[in-house]
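Novice: This is the structure I want to talk about, given as structure tokens.
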Amino acid sequence: MDRNTAQQKIQELSAKLHYYNYKYYQESVSEISDFEFDMMLKELINLEGQFPELKTDDSPSQRVGGDITKNFETVEHKIPMLSLGNTYSKEELEDFDGRVKRGLGEEEYEYFCELKFDGVAISLHYENGKLIRGVTRGDGSKGDDITKNAKTIRTIPLKVRGEKFPEYFEARGEVFLPREAFNEINRGREENEEALLANPRNAASGSLKMQDSAVVAKRKLDCFLYSYAGEDLPIDSHEEGIKQLEKFGFNVSQTYQKCKNINEVFDFIKEWEEKRHALDVDTDGIVVKVNSLAQQERLGFTAKSPRWAIAYKYKAESSTTILREITYQVGRTGAVTPVANLEPVSLAGTTVKRASLHNANEIARLDLRVGDTVHVEKGGEIIPKITAVDLTKRDLGSKEVDYIKNCPECGTELVRAEGEAVHYCPNRKGCPPQIKGSIEHYIQRKAADIDSMGERTIHLLYEKSLVRNIADLYDLTYEDVFKLEGFKDLSTQNLLKGIEASKKIPFENILFGLGIRFVGKTVAEKLVAHFKTIKKLSEASFEELTEVPEIGERIAQSVVEYFHDDDNIALIERLKSVGLQFEIKENIIEQKGNALEGKSLVVSGVFDNYGRDEIKDVIKQHGGKVVSAISGKVDILVAGENMGPAKRQKAEKLEIKIINETEFRSLIKEN
Ligand code: IVH
């Protein structure tokens, strides 16, 4: 493709992608499928790869990230980013209203109320309508330049909508991780037995400071804007500023409200006190702003904050109650979690009866004793936690908690690995919650996908001694299931059908379903792509495993241990014999020639006639082997456009034959 055509195509694709992105994220309308969108984006990225000089700073391709920032540059805020004064009571809010009234000499005024979003403050700088910089609040006068990361947030316009905009302005707001996205990340981390993220706010601020913007792009951050700032903007009120931001295509939370007086502000506070918990964003209060900009100017600022705005914080969602008992839960992996059983108490709209205590260290840290009066809090965290003990109320006769030594479910002595906080029950194959948990893990969608089965059925099957491991599922008969409580003909057939269908589920899902410690879905995919069959995987040594990209020592050790256990081998043999998939069905590569027989090739850069994976398939179709790195063992380097100079130099040094796309095509005799 020549440069002019490419330029035209890039412009066309960019305009379309900006449009569909806006429609999707701001109006929740999908005019095209995700697949079509991805294909267009891919095409754009490809073209920009071939003609890097045509890539613009506001290209939709910036959304996927990829740039690494080693050190975030410090940037001075042209307009300082102040904080707000906080109040916790109606009285203080009335005092604020009194100060406003006096400050304005009894002139009429109105308030604009918004929710106070609990995330990370950001200022987005726009020049000629284009996003040129994203800066964190920092200390209010200087912040970090996190532009590359900000550009990955889909709801932040890379260029504003419409034709009329000031030459320069800033849109300020709060970057946050929606609760659903936060929970999803933690579900994945739990599955991989990684430490959980504490709360959405920390997760958002951590994400914004990541060096690799491609990782940030996957985090699903969002941003609500609440301030339109700049010099001589053509607006007279905060409300007009907000409406302008909406017109420009920014994401403004539709929870704001104009209030005629402080009583209406109180109504707003009351309205959102409970309702806010249903939002997908954490909030910790409301912000009250004098609406007129002229009046804001007259009221001015104190050293730290504006006199025309204030934050009303909802009472820390904390309460006191009594710790009745500590019980212990055993999870799928055998990890033991102590649970505080509390005198029921109402907190943030729900009745709290239990709180997680995490592990023995946490109990010791809190110096917790049964019968204690404890403070419980529901912060950003979903599960309430005990934050402190009220020692003044402690019963003199109370005793320190004696942490259990044996599994509460099967009696086996617990173990605690050196340096680990958590106790484990080592009886993986005989401990009821571990057995049931391993089956629950196996049937989930990402694994064997037996959706006709649920937790209750597993419990029934276990109670009736019909299953003790996942292989037993395949021995279940119609009679076995039919006699279970609640099962009729149709449900029985359904369940058996679901089990039968799992025999067609791909190997990587089944491998994940086996529940090998530290082998989450992504790891399972990596292992399967590398070893291809369970036989090869089970025979792999620790060293061979650690050679697989992204497989670390902890995972390798766990895989080796798993396949050294005769019971596990027997289980897999049973699963194999009933017909489960333990090999990948490779893309059957149809042999088209042997021009590359016995040769190892590296491909680099982009090609006119082939996609990246496509050219690899073509190489295989002609008998060649594709390797990823240049080394002495490589015979040919197929160099596309934009290949890195370092690769070429290395290849030249090793005297590897370098061919271009045309030469490659003639080598395999393809026109
Ligand atoms: S207005 C001059 N509006 O709360 C102050 N702030 O201490 C301009 N925040 O750092 C801030 N929601 O990160 C404003 N609707 C909202 C807000 C909000 C959250 C945060 C912001 C700021 C802190 C105030």
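Novice: Mind checking which residues of the range 555-572 are surrounded by 12 or more Cβ atoms within 10 Å (Cβ to Cβ) and not aliphatic (A, V, I, L, M)?
Specialist: GLN557, SER558, GLU561, TYR562, PHE563, ASP565, ASN568
Novice: Can you name the number of the only condition in (1) open to solvent by less than 40 Å² (accessible area, probe 1.4 Å); (2) part of a helix (DSSP H, G or I); (3) away from the ligand (no atom under 15 Å from the Cβ); (4) within 25 Å of GLU239 (Cβ to Cβ) that ALA181 fails?
Specialist: (4)
Novice: Now, a different point. Out of everything in the range 156-166 that is away from the ligand (no atom under 16 Å from the Cβ) and either of a type in the set (Phe, Trp, Tyr) or surrounded by 21 or more Cβ atoms within 10 Å (Cβ to Cβ) (or both), what residue ends up being farthest from the chain's Cα centre (by Cα)?
Specialist: Per the criteria, the residue is PHE165.
Novice: Would you check if ARG99 is at pLDDT 95 or above, under 22 Å from LYS304 (Cβ atoms) and either more than 16 Å from the ligand (Cβ to nearest atom) or open to solvent by 30 Å² or more (accessible area, probe 1.4 Å) (or both)?
Specialist: Against the criterion (at pLDDT 95 or above, under 22 Å from LYS304 (Cβ atoms) and either more than 16 Å from the ligand (Cβ to nearest atom) or open to solvent by 30 Å² or more (accessible area, probe 1.4 Å) (or both)), ARG99 qualifies.
Novice: In this structure, is LYS243 over 27 Å from the mean Cα position of the chain (by Cα), under 30 Å from GLU108 (Cα atoms) and surrounded by fewer than 15 Cβ atoms within 10 Å (Cβ to Cβ)?
Specialist: yes
Novice: Quick check on my filter: what residues within the range 108-136 are of a type in the set (Asp, Glu) and under 22 Å from VAL160 (Cβ atoms)?
Specialist: GLU114, GLU127
Novice: Something else: May I ask you to list the residues in the range 604-622 that are open to solvent by less than 20 Å² (accessible area, probe 1.4 Å) and not in a helix (DSSP H, G or I)?
Specialist: Hits for the range 604-622 are SER604, GLY605, PHE607, TYR610, HIS622.
Novice: Please identify the pairs in which a residue from the range 129-140 that is within 16 Å of TYR228 (Cβ to Cβ) has its Cβ atom under 6 Å from the Cβ atom of a residue that is away from the ligand (no atom under 14 Å from the Cβ) and open to solvent by 50 Å² or more (accessible area, probe 1.4 Å), counting only partners at least 6 apart or on another chain.
Specialist: These pairs meet every condition: GLY129/LYS159; GLY129/PHE165.
Novice: Do we find a residue being open to solvent by 20 Å² or more (accessible area, probe 1.4 Å), within 16 Å of the ligand (Cβ to nearest atom), in contact with a helix residue (DSSP H, G or I) (Cβ under 9 Å, 6 or more places away or on another chain) and of a type outside the set (S, T, N, Q) anywhere in the range 141-155?
Specialist: Yes, the range 141-155 contains at least one residue that is open to solvent by 20 Å² or more (accessible area, probe 1.4 Å), within 16 Å of the ligand (Cβ to nearest atom), in contact with a helix residue (DSSP H, G or I) (Cβ under 9 Å, 6 or more places away or on another chain) and of a type outside the set (S, T, N, Q).
Novice: Could you give every pair whose Cβ atoms fall below 7 Å, whose first residue belongs to the range 356-367 and is acidic (Asp, Glu), and whose second residue is at pLDDT 90 or above, counting only separations of at least 6 or pairs across chains?
Specialist: ASP367/VAL389
Novice: Given the criteria part of a loop (DSSP other than H, G, I, E, B) and buried (at least 19 other Cβ atoms within 10 Å of the Cβ), does ILE122 qualify?
Specialist: No; evaluated as a whole, the condition is false for this residue.
Novice: Checking ALA204 against (1) under 19 Å from LEU131 (Cβ atoms); (2) away from the ligand (no atom under 13 Å from the Cβ); (3) within 12 Å of the chain's Cα centre (by Cα), which single condition isn't satisfied?
Specialist: ALA204 satisfies all of (1) under 19 Å from LEU131 (Cβ atoms); (2) away from the ligand (no atom under 13 Å from the Cβ); (3) within 12 Å of the chain's Cα centre (by Cα) except (2).
Novice: Right, here's the next one. Among ILE322, ILE326, ILE269, which is of a type in the set (Val, Ile, Thr), away from the ligand (no atom under 12 Å from the Cβ) and open to solvent by 40 Å² or more (accessible area, probe 1.4 Å)?
Specialist: ILE322
Novice: Can you pull out the residues in the range 435-456 that are in contact with a Leu (Cβ under 7 Å, 6 or more places away or on another chain) and among the hydroxyl-bearing types (Ser, Thr, Tyr)?
Specialist: Listed by number, the list holds a single entry, SER452.
Novice: Run down GLY640, GLY593 and say which single residue is farther than 30 Å from LYS504 by Cα and surrounded by 17 or more Cβ atoms within 10 Å (Cβ to Cβ).
Specialist: The unique qualifying residue is GLY640.
Novice: Is it the case, given these coordinates, that GLY49 is touching a helix residue (DSSP H, G or I) at 6+ places or on another chain (Cβ under 7 Å) and open to solvent by less than 70 Å² (accessible area, probe 1.4 Å)?
Specialist: Taking the combined requirement at face value, the residue does not satisfy it.
Novice: May I ask you to list pairs of residues, at least six apart or on different chains, whose Cβ atoms are under 6 Å apart, with the first in the range 531-546 being touching a residue at least 40 places away in the same chain (Cβ under 8 Å) and the second being open to solvent by 60 Å² or more (accessible area, probe 1.4 Å)?
Specialist: Pairs that qualify, where the first residue is touching a residue at least 40 places away in the same chain (Cβ under 8 Å) and the partner is open to solvent by 60 Å² or more (accessible area, probe 1.4 Å), are THR533/GLU583.
Novice: Here is a list: LYS90, LYS55. Which entry is without any contact (Cβ under 8 Å) to a residue 60 or more places away in the chain, open to solvent by 40 Å² or more (accessible area, probe 1.4 Å) and more than 16 Å from the ligand (Cβ to nearest atom)?
Specialist: LYS55
Novice: Being within 24 Å of the chain's Cα centre (by Cα), of a type outside the set (A, V, I, L, M, F, W, C) and within 13 Å of the ligand (Cβ to nearest atom) is the filter here, so list the residues in the range 107-137 that pass it.
Specialist: Result: LYS116, ASP118, GLY119, SER123, THR136, ARG137.
Novice: Further, regarding this structure: Sort out which residues of the range 272-319 are touching a helix residue (DSSP H, G or I) at 6+ places or on another chain (Cβ under 8 Å), open to solvent by 40 Å² or more (accessible area, probe 1.4 Å) and assigned to a helix (DSSP H, G or I), and write them in order of number.
Specialist: Result: LEU293, ARG298.
Novice: Quick check: is even one residue across the range 283-305 within 38 Å of the chain's Cα centre (by Cα), within 13 Å of the ligand (Cβ to nearest atom), modelled with pLDDT under 95 and β-branched (Val, Ile, Thr)?
Specialist: Taking every residue of the range 283-305 in turn, at least one turns out to be within 38 Å of the chain's Cα centre (by Cα), within 13 Å of the ligand (Cβ to nearest atom), modelled with pLDDT under 95 and β-branched (Val, Ile, Thr).
Novice: Let me ask something additional. Which condition breaks for ASN71 when tested against (1) part of a helix (DSSP H, G or I); (2) open to solvent by 60 Å² or more (accessible area, probe 1.4 Å)?
Specialist: Among (1) part of a helix (DSSP H, G or I); (2) open to solvent by 60 Å² or more (accessible area, probe 1.4 Å), ASN71 violates only (1).
Novice: Within the group GLU190, GLU194, GLU163, which residue is assigned to a helix (DSSP H, G or I), without any contact (Cβ under 8 Å) to a residue 60 or more places away in the chain and acidic (Asp, Glu)?
Specialist: The unique qualifying residue is GLU190.
Novice: Given (1) at pLDDT 90 or above; (2) surrounded by 14 or more Cβ atoms within 10 Å (Cβ to Cβ); (3) closer than 20 Å to LYS532 by Cα, identify the lone condition not met by ASP635.
Specialist: (3)
The values are calculated or read from the model by the stated rules, or taken from the named source; none is laboratory data. It should be emphasised that the depicted structure is a prediction, and the values quoted were computed from it without experimental measurement. Because the Cβ atoms are built from the backbone with ideal geometry, glycine has one as well, and the counts that use them run over all protein chains shown. Areas reflect the complete protein model, heavy atoms only, side chains present, ligands, DNA and RNA absent. Shrake-Rupley method; radii C 1.70, N 1.55, O 1.52, S 1.80 Å.
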